[in-house]
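Single-structure report; data block below.
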C-alpha cells in the first residue's frame, strides 16, 4: 500500500490548541500527533490510524476541559466583582 496516497491526519493543530488550553491532555495529544507521521513513513498505516484517533481524542478533550475551566474562571471573576459592588 502506498502511504503517500492515503495520508493519515495527525491533528497537530488540535494538539497545540489543547496544549495551550489544558496541558495535561495537550502533551499526550502532541506526542501522539507527532508520532503519526513517523508511523506512516514507516508503513505502519493501521498503527498510524490508531495513533491519529488517540491524538484526536486527547486534543478534543483537552480543548473541551480547557474551555470549561476558562469559562468557570470568567464566571468566578464576574461573581467576585458583582459581590464587591
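Values in this text are rule-based calculations from the coordinates and carry no lab data. Fair warning: this is a prediction, and the values are worked out from it, not measured in the lab. Positions of Cβ are generated from backbone atoms using ideal geometry, with glycine treated the same way; all protein chains shown enter the neighbour counts.
Label point of residue 84 set 7 angstrom out along Cα-Cβ; within region 62-78, amide nitrogens under 12 Å from it belong to 77-78. Against the main long axis of the alpha-carbon atoms of the chain, helix 23-41 sits at an angle near 10°. Rounded to the nearest 500, the helix-only mean residue ellipticity at 222 nm of the chain stands at -28500 deg cm²/dmol, with each DSSP H run of n ≥ 4 adding -39,500 (n - 2.57). Rounded to the nearest 10 degrees, the angle from helix 45-84 to the longest Cα principal axis of the chain is 10 degrees. Summary of packing: across the peptides 74-85, 40-51, 10-21, the per-residue average of other C-beta atoms within 10 Å ranks them, highest first, as 10-21, 40-51, 74-85. When Rg and the Kirkwood radius Rh are both evaluated on Cα atoms of the chain, their ratio Rg/Rh stands at 1.27.
Compared with the dominant Cα axis of the chain, that is its longest principal axis, helix 12-21 is turned about 20°. Taking 7 Å steps out from each Cα toward its Cβ at residue 77 and residue 31 produces label points 3.2 nm apart.
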